[in-house]
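Okay, handing you the structure first.
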Amino acid sequence: MNQAVLETIDRRPFLLDGGLGTELMRRGLAQGVIPESWNFDRPEAVRSVHESYIAAGSDAVTTNSFGANRIKLLGSGLENRVRDLNLAAARIAREAVPAGKFVGGSLGPTGKFLVPQGEFTESEFEDVFAEQAEALAAGGVDFLIIETQYDLAEALAALRGACRAAALPVFVTMTLNKFPRGYFTLMGNTVAQCAETLERTGAAAVGANCTLNSEEIIGAVRLFREATRLPVIAQANAGRPSIDGNGRVTYAQSVEEYVRFVPDILAAGAKVLGGCCGTEPATIRRMAEILLAARPGNKSN
């Protein structure tokens, strides 16, 4: 197994990238177009997003493969090109990343439910994620990151499939909502339940992404830290999205408002940080500055 990324995380806080879809839309991705199709149609645009995050200070970028699983792609005309899409995603990112930096292979949710709520079985989900993970590994990623999981049962199927298909560290992030009585996934899973079960099943790092803003995610990080010995991941949204007068999606938190809570996220126990929807290279640049200042022995401390 490739241990370099885990060794880096063990030494110091590790910085992922920010929103990929947000940046592709800025480069012309139209509403309704499958982002992963740009791995074939506009690879230079995808590469430029990765390069912008590396220039901003990311230790790793994540591939343009979030929705590139066979179930998610059903009816798109791309469901039979899963391997090619993921290979292309990995190779584009690999080309954009210099020595000493890393590539994470992104695996997002299927968008479907397991029986009895839905039509798919856990073994079917496991096979779908194994197919995607194998292609990403063949394309040269350094680790896999199963993202935005709203159902622990699906996250576990994805984790089993990824571990079966690739000898790589596998990170898993759940998407949570904050309620007066705590943090829960859409399917009612608690943070402790997620952390403990994912650790037992073989995850290399666990945490939360999406939905929560950078202030709201602090409490979730603290709960993950209490429930697991694994590195904890925090990738918050830049607040809630809205549509401006020109039809563009905007987010509630400015860069400075977002990064104001980064020291608290670190103090709560996060070792792997990054951004989700609405974050951009400017966000990552400020986060990189904060993480550098927080390193032990830094004279600015």
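Name, by its number, the condition in (1) surrounded by 18 or more Cβ atoms within 10 Å (Cβ to Cβ); (2) among the acidic types (Asp, Glu); (3) without any contact (Cβ under 8 Å) to a residue 40 or more places away in the chain that does not hold for GLU79.
Failed condition: (1).
Here is a follow-up. One residue is enough: does region 142-154 have a residue meeting the conditions of a type in the set (Val, Ile, Thr), surrounded by fewer than 24 Cβ atoms within 10 Å (Cβ to Cβ), assigned to a strand (DSSP E or B) and touching a residue at least 24 places away in the same chain (Cβ under 8 Å)?
Applying the first criterion (of a type in the set (Val, Ile, Thr)) to region 142-154 yields 145-146, 148.
Cutting the leftovers down to surrounded by fewer than 24 Cβ atoms within 10 Å (Cβ to Cβ) gives us 148.
Going one step further and asking which of them are assigned to a strand (DSSP E or B), we end up with 148.
Still in the list and also touching a residue at least 24 places away in the same chain (Cβ under 8 Å): 148.
Scanning region 142-154 turns up at least one residue that is of a type in the set (Val, Ile, Thr), surrounded by fewer than 24 Cβ atoms within 10 Å (Cβ to Cβ), assigned to a strand (DSSP E or B) and touching a residue at least 24 places away in the same chain (Cβ under 8 Å).
Does ALA268 count as buried (at least 16 other Cβ atoms within 10 Å of the Cβ) and modelled with pLDDT under 95?
No; evaluated as a whole, the condition is false for this residue.
A follow-up question, please. Quickly run through region 212-233 and pick out the residues that are closer than 20 Å to LEU20 by Cβ and touching a residue at least 40 places away in the same chain (Cβ under 8 Å).
Selection gives ASN213, SER214, ILE217, ILE233.
Could you list, in sequence order, the residues of region 276-286 that are touching a strand residue (DSSP E or B) at 6+ places or on another chain (Cβ under 6 Å) and not in a loop (DSSP other than H, G, I, E, B)?
THR283
For every residue, the table says whether it meets (1) farther than 30 Å from VAL97 by Cβ; (2) modelled with pLDDT under 95; (3) of a type in the set (D, E, K, R).
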residue	(1), (2), (3)
GLU131	no, no, yes
LEU136	no, no, no
GLY140	no, no, no
GLN149	no, no, no
ALA158	no, no, no
GLY161	no, no, no
ARG164	no, no, yes
PHE179	yes, no, no
LEU186	yes, no, no
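Right, here's the next one. Of PHE224, PHE143, PHE184, which residue is under 17 Å from the mean Cα position of the chain (by Cα) and over 17 Å from ALA268 (Cα atoms)?
Selected residue: PHE143, the only one of PHE224, PHE143, PHE184 that is under 17 Å from the mean Cα position of the chain (by Cα) and over 17 Å from ALA268 (Cα atoms).
If ALA192 meets every condition in (1) in contact (Cβ under 8 Å) with a residue 60 or more places away in the chain; (2) closer than 18 Å to ASP151 by Cα apart from one, which number is that one?
(1)
Just checking: which of the strands (runs of 3 or more DSSP E) contained wholly in region 210-265 hold 2 or more residues that are in contact with a helix residue (DSSP H, G or I) (Cβ under 9 Å, 6 or more places away or on another chain) and crowded, with 19+ Cβ neighbours inside 10 Å?
Output list reads 232-236.
In region 219-252, which residue that is modelled with pLDDT of 95 or more and out of contact with any strand residue (DSSP E or B) (no Cβ under 8 Å at 6 or more places or on another chain) is farthest from VAL191 (Cα to Cα)?
So, considering only residues that are modelled with pLDDT of 95 or more and out of contact with any strand residue (DSSP E or B) (no Cβ under 8 Å at 6 or more places or on another chain), the one farthest from VAL191 (Cα to Cα) is ARG229.
List the pairs whose first member sits in region 163-174 and is part of a helix (DSSP H, G or I), whose second member is of a type outside the set (A, V, I, L, M), and whose Cβ atoms are under 7 Å apart, counting only residues at least 6 apart or on separate chains?
From residues that are part of a helix (DSSP H, G or I), the pairs are CYS163/GLY202; ALA165/GLU134.
Counting only residues that are within 19 Å of VAL170 (Cβ to Cβ), give me the helices (runs of 4 or more DSSP H) lying completely in region 1-58 with at least 2 of them.
So the answer is 4-11.
The values are calculated or read from the model by the stated rules, or taken from the named source; none is laboratory data. Please read all numbers here as calculations on a predicted model, not as lab measurements. Neighbour counts are summed over all protein chains in view; Cβ atoms, including those assigned to glycine, are modelled from backbone coordinates with ideal geometry.
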